[in-house]
Amino acid sequence: MIEYRNVRVALLGAGSVGSQVARLLLEHGDELASRAGAGLELVGIAVRDLDAPRDVDLPKELFTTDAQSLILGADIVVELIGGIEPARTLVLQALQSGADVVTGNKALLATHGPELFAAAEQVGAQLYYEAAVAGAIPIIRPLHDSLAGDRIERIMGIVNGTTNFILDLMDREGSTFEAALATATELGYAEADPTADVEGYDAAQKAAILASLAFHTSVPLAAVHREGITSVTIEQVRAARKAGYVVKILATAERLTDEDGVEGVSARVYPALVPESHPLASVHGAKNAVFVEAEAAGDLMFYGAGAGGVETASAVLGDLVSAARRHVIGGPGIAESTQSALPVFPIGTVRTRYQITLHVADAPGVLSTVAGVLAAHGVSVETVEQSAATDPGDGNAGTATLVIGTHLARESDLAATVVALRNEDVVVEITSVLRVVGA
């Protein structure tokens with residue numbers, strides 16, 4: 001039997017993910033040791049309440065409320081508390097003590113990533129964070145290692161299971177947003193306060209992390225354009241399906257060149273129309289998927305469970321094994337690369353396509369008026385579909401519906417076009433404005 005030296009592991013947090021990490025460490029210790037080349041000794045679990053109910057029955061002697069003392073006796077610290085504080089303070093303390101850190105804390109990384117990576121580099125420690133984006137899906141390590149020699153052009157991700165579940169239910173079963181959210185809450189996919197999910201905050205944090213990693217540039221959370229799904233209607237979803245699209249909320253990180261030839265990046269989150277033929281359109285339920293476009297490797301897609309205690313624990317344990325291997329081999333950690341230092345462009349510089357649905361007066365010359373507004377703002381029309389109101393009792397008598405698809409144009413020009421259309425007398429109502437991606 002091979003004798004391994006032990007690597008001491010401190011676990012901070014015993015929620016749905018933390019308790020599963022502890023269970024798997026204890027149950028599969030021998031197997032993990034053979035992969036890591038070192039025994040993974042769980043020396044303690046720091047929690048706020050020793051008597052709180054846990055998802056897993058774990059040895060009570062492992063629990064402590066003294067996180068700082070636990071950290072100082074560890075080689076590797078696994079942070080699964082979530083939120084900013086006390087997580088930030090504890091992670092900094094761990095790194096400054098020379099311990100490697102494994103975290104799944106997207107909010108912490110999106111807000112304080114540069115500070116934490118700098119602290120790790122200063123002492124030669126390593127910060128691992130596979131579990132921070134897309135749960136069980138391996139996307140951080142492929143971007144960090146496997147594609148390190150390639151040039152990433154764009155990433156589009158369905159990175160929030162709650163919102164994908166809601167939009168998928170609206171698409172496949174005809175539920176309203178409110179009904180779909182209620183179902184998501186009942187099944188445990190949505191929190192009692194779903195704001196972080198449905199307003200896009202969670203996805204924006206992940207977009208900042210992906211953009212920073214893919215483009216070797218620090219992308220602050222404040223620079224990520226964010227729109228949620230609360231304004232998406234069942235009418236929009238049905239119209240999208242009729243036109244050959246599916247509505248998805250996407251986190252997009254993209255390399256761009258502006259009109260002056262300056263290269264930069266964009267990170268944004270918003271609901272968009274995805275062609276039925278695109279791989280992201282077939283991501284159902286609470287699943288996540290990340291679609292990567294690379295210069296040499298081409299198109300790649302990573303798909304799987306984006307959340308869940310045991311699923312996310314898989315990503316944490318993968319990082320933990322990697323950290324233990326580093327301790328066996330020795331040497332300093334690999335610093336996070338932000339040397340490109342590309343500018344982060346505002347949403348207005350992005351070039352995209354829109355689909356705009358209008359109720360307009362059913363009268364001669366209306367189409368030319370609308371087309372004139374688009375042309376005045378430098379927006380070219382690609383497709384137009386017009387239909388007159390057929391039900392005199394639906395409140396739209398004397399109106400027609402225009403569905404306009406645009407060519408690629410700057411977001412700032414498209415936004416100005418929508419404002420101008422609202423001010424036209426012939427426009428009764430703008431019922432839908434959605435971006436088109438992946439076509």
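Once backbone amide H atoms are built at 1.01 Å from N, Phe63 has Ile45 as its partners under 5 Å, excluding neighbours fewer than 5 places away on the same chain. Bridging of Lys60 to aspartates and glutamates at a Cα separation below 18 Å is possible for Glu27, Glu41, Asp49, Asp51, once same-chain residues fewer than 8 apart are set aside. For the options Val21, Val366, Val403, a Gaussian network treatment of the chain with springs between C-alpha atoms closer than 10 Å singles out Val366 as fluctuating the most. Ranking Leu95, Gln386, Val133 by how far each Cα lies toward the positive end of the dipole of the chain (charges on Cβ) leaves Leu95 at the top. Its relative contact order, with pairs defined as Cα atoms under 8 Å and 6+ residues apart, puts the chain at 16 percent. Computed as a quarter of the hull surface, the mean projected area of the alpha carbon convex hull for the chain stands at 23.4 nm². Of all the options Val159, Val316, Val123, the one that moves most in a Gaussian network model of the chain with Cα springs shorter than 10 angstrom is Val123. Normalised per residue, the accessible area of the range 271-333 is 39 Å², obtained with a 1.4 Å probe and no contribution from ligands, DNA or RNA. When the alpha carbon gyration tensor of the range 69-218 is reduced to an equivalent ellipsoid, the three semi-axes, largest first, read 32, 20, 11 Å.
Among residues other than Thr103 with Cβ under 15 Å from its Cβ, the summed charge is -3 (Lys and Arg +1, Asp and Glu -1). Surface composition of the chain: carbon and sulfur atoms hold 50% of the protein heavy-atom accessible area at a 1.4 Å probe. I'd like the Kirkwood hydrodynamic radius of the range 190-244, using the inverse of the mean 1/r over distinct C-alpha pairs, in Å. One over the average 1/r among Cα pairs gives 13.1 Å for the range 190-244. For the range 73-158, the percent of C-alpha pairs falling in each 5 Å distance bin, counted from 0 to the bin holding the largest distance, reads 3, 14, 23, 24, 19, 11, 6, 1, 0. Suppose a student asked you for the relative contact order of the range 147-239, using Cα pairs under 8 Å spaced at least 6 residues apart; what percent would you report? 31 percent. The fraction of Cα-Cα pairs per 5 angstrom bin, counted from 0 for the range 30-90, comes to 4, 14, 23, 23, 19, 12, 5, 0 percent, rounded to whole percents. With just the Cα atoms defining each centre, how far is the range 34-94 from the range 254-318? Give it in Å. Here the answer is 31 Å between Cα centres. Checking the a/c ratio against 1.5 first, then a/b against b/c, what shape does the Cα gyration tensor give for the range 272-312? Note, shape of the range 272-312 comes out oblate.
Quote the relative contact order of the range 90-191 in percent (integer), defining contacts as alpha-carbon pairs under 8 Å separated by 6+ residues. Relative contact order comes out at 19 percent. Sorted into 5 angstrom bins from 0, the C-alpha pair distances of the range 1-111 split as 2, 13, 23, 24, 19, 13, 5, 1, 0, 0 percent. Straight-line cross-link reach from Lys206 at under 27 Å between alpha-carbon atoms covers these lysines, not counting any fewer than eight positions away in the same chain: Lys106, Lys248, Lys287. Think of a 1.4 Å ball rolled over the protein heavy atoms: the range 145-250 then has 41 Å² of accessible area per residue.
Checking the a/c ratio against 1.5 first, then a/b against b/c, what shape does the Cα gyration tensor give for the range 153-259? Here the range 153-259 falls in the oblate category.
Using 0.36 nm per residue and subtracting the Cα-Cα separation, the extra length available between Asp425 and Val381 on full extension is 13.8 nm.
The values are calculated or read from the model by the stated rules, or taken from the named source; none is laboratory data. Fair warning: this is a prediction, and the values are worked out from it, not measured in the lab. Cβ sites come from the backbone with ideal geometry, for glycine too, and all protein chains shown count toward neighbours. The accessibility values were calculated without ligands, DNA or RNA, using every heavy atom of the protein model including side chains. Shrake-Rupley method; radii C 1.70, N 1.55, O 1.52, S 1.80 Å.
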